[in-house]
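Since the structure comes first, as C-alpha cells, the remarks are kept for the end.
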Amino acid sequence: MASDNSSRTVAALGVSVGIFLIAVVIPKLVFSTAVPAIGTTQALELLLSLLAIALLGKARFAEYGFCRPQWNRESQDGSSRWLLIFLTAPVMGIVATVAILGFGGNGNPVVKQLSFPQIILFVWVFSSTIEEVFTRGFLQGHLSGLSGKYVKLFGFRIQVPVLVSALFFACMHLILPFVGADATTTVIVFLFTLSIGLMAGHFRARTGSLIPAIAVHMLANVGGMIGGIMYGIINFAVTGNLPGQ
C-alpha cells in the first residue's frame with residue numbers, strides 16, 4: 001500500500017509539473033500579449049487536466065470532484081459551510097490586495113493588461129474554475145490514498161493531499177517575477193494562494209466536490225478586485241492621489 005501511494009504521489013506530481021510547463025510556461029514564451037497567452041494557457045491546462053484524469057484516473061471523474069457536494073454529517077446542513085465560504089474567501093482577497101498595495105507592490109502586471117470584462121471572464125470565471133480542476137481536481141484527487149495522513153501546520157491538522165495541492169498551487173504563482181511582478185507582489189500572492197489553496201482543498205476533501213473549491217477561488221479573486229477599489233478610495237481620501245500617482 002505504501003509503495004502504491006508513493007507511486008501515485010510521484011505520478012501526480014510529475015504529471016502536474018508537466019501540465020504546468022506545457023500549459024503555463026510555453027504560451028507565455030510564444031505570445032507577447034496577455035489575452036492570447038492567458039486563453040491558450042487556460043485551454044491547455046483544462047484539456048491536459050481532464051486528459052490526466054481520464055488516463056491516470058481511469059475516467060472516474062466523480063472521484064476527482066466532478067460531483068455535487070456532500071457535506072459531512074456532523075453538520076446539520078451545508079448552509080453554515082457555504083456562509084463561511086462567502087464571508088471568508090472575499091475577505092482574504094481584500095486583505096491580500098490591500099497588503100500588496102500598502103507595502104508598495106504594483107500587483108500582477110498581466111492582469112493590469114486586461115479590461116474589466118476580460119478580468120471577469122479570464123480571472124474570475126475561467127481561472128478560478130480551471131485551476132481548481134487542475135490542482136484540487138487532478139492533483140488532490142490523485143493523492144486521495146494519502147487522505148488518512150495529516151500534517152500539523154499552525155496548530156491545524158491538514159490532510160497531506162490538501163497540503164500538497166495547496167503548496168503546488170502557490171508555487172505556480174512563483175512565475176510572477178518572470179512576467180514583471182515585483183518581490184512584494186510575488187511574496188504576498190504566494191502566501192495568499194497558499195491560504196486559498198488550503199481552504200479550497202479543505203472543502204474539496206470534506207465534500208468530495210470541486211464546487212465549493214471553485215467558489216472559494218472565485219470569491220477570493222472577486223475580493224482581490226474589491227480590495228484594490230477600497231485601497232484606491234482610502235488612498236485618494238487621505239492623500240488626494242490615486243495609487244501609483
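The values are calculated or read from the model by the stated rules, or taken from the named source; none is laboratory data. Model, not experiment: these values are computed from the prediction. Every residue, glycine among them, receives a Cβ derived from its backbone with ideal geometry; neighbour counts consider all protein chains shown. SASA here: full protein model, heavy atoms, side chains in, ligands and nucleic acids out. Shrake-Rupley method; radii C 1.70, N 1.55, O 1.52, S 1.80 Å.
Taking the numbered list (1) hydrophobic (A, V, I, L, M, F, W, C); (2) under 13 Å from the mean Cα position of the chain (by Cα); (3) within 21 Å of residue 15 (Cα to Cα); (4) surrounded by fewer than 18 Cβ atoms within 10 Å (Cβ to Cβ) in turn, residue 139 passes all entries but (4).
When you check residue 59 against the structure, is it open to solvent by less than 60 Å² (accessible area, probe 1.4 Å) and part of a helix (DSSP H, G or I), yes or no? No: the conditions fail for residue 59. Restricting the range 16-34 to residues that are of a type outside the set (S, T, N, Q) and open to solvent by 50 Å² or more (accessible area, probe 1.4 Å) leaves a set whose member that is nearest to residue 138 (Cα to Cα) is 17.
Cβ-Cβ contacts under 6 Å between residues 6 or more apart (or on different chains), taken from a first residue in the range 25-41 that is in a helix (DSSP H, G or I) to a second residue that is open to solvent by 50 Å² or more (accessible area, probe 1.4 Å), are listed as 34/113; 37/28; 37/31.
Among (1) assigned to a helix (DSSP H, G or I); (2) touching a Lys or Arg at 6+ places or on another chain (Cβ under 8 Å); (3) more than 26 Å from residue 32 (Cβ to Cβ); (4) of a type in the set (Val, Ile, Thr), which single condition is residue 151 missing? So the condition that residue 151 fails would be (1). Checked against the criterion of being farther than 16 Å from residue 214 by Cα, modelled with pLDDT of 90 or more and not basic (Lys, Arg), the candidates 130, 158, 120 yield just one match: 158. Out of the residues in the range 62-85 that are modelled with pLDDT of 80 or more and among the aromatic types (Phe, Trp, Tyr), which is most open to solvent (accessible area, probe 1.4 Å)? Top of the filtered list is 66. Annotation note: of 165, 209, 195, the sole residue that is open to solvent by 40 Å² or more (accessible area, probe 1.4 Å), polar (S, T, N, Q) and over 20 Å from residue 113 (Cβ atoms) is 195. If you scan the range 135-159, which residues turn out to be over 18 Å from residue 23 (Cβ atoms) and of a type in the set (Val, Ile, Thr)? Selection gives 151, 158. Among the residues of the range 97-105, at least one is among the hydroxyl-bearing types (Ser, Thr, Tyr), surrounded by 15 or more Cβ atoms within 10 Å (Cβ to Cβ), touching a residue at least 40 places away in the same chain (Cβ under 8 Å) and out of contact with any Pro (no Cβ under 9 Å at 6 or more places or on another chain). Scanning the range 7-51 for residues that are of a type in the set (S, T, N, Q) and either within 17 Å of residue 165 (Cβ to Cβ) or within 16 Å of the chain's Cα centre (by Cα) (or both) yields 9, 16, 41, 42, 49. Pairs are defined by a Cβ separation below 9 Å, a sequence spacing of at least 6 or placement on different chains, a first member in the range 184-197 that is free of Cβ contacts under 8 Å to residues at least 12 places away in the same chain and within 19 Å of residue 90 (Cβ to Cβ), and a second member that is acidic (Asp, Glu) and crowded, with 19+ Cβ neighbours inside 10 Å; no pair meets this definition.
All told, residue 206 falls short of being out of contact with any helix residue (DSSP H, G or I) (no Cβ under 9 Å at 6 or more places or on another chain), at negative phi and either without any contact (Cβ under 8 Å) to a residue 40 or more places away in the chain or part of a helix (DSSP H, G or I) (or both). Of the numbered criteria (1) in contact with a helix residue (DSSP H, G or I) (Cβ under 9 Å, 6 or more places away or on another chain); (2) over 19 Å from residue 169 (Cα atoms); (3) surrounded by 14 or more Cβ atoms within 10 Å (Cβ to Cβ), the one residue 50 fails is (2).
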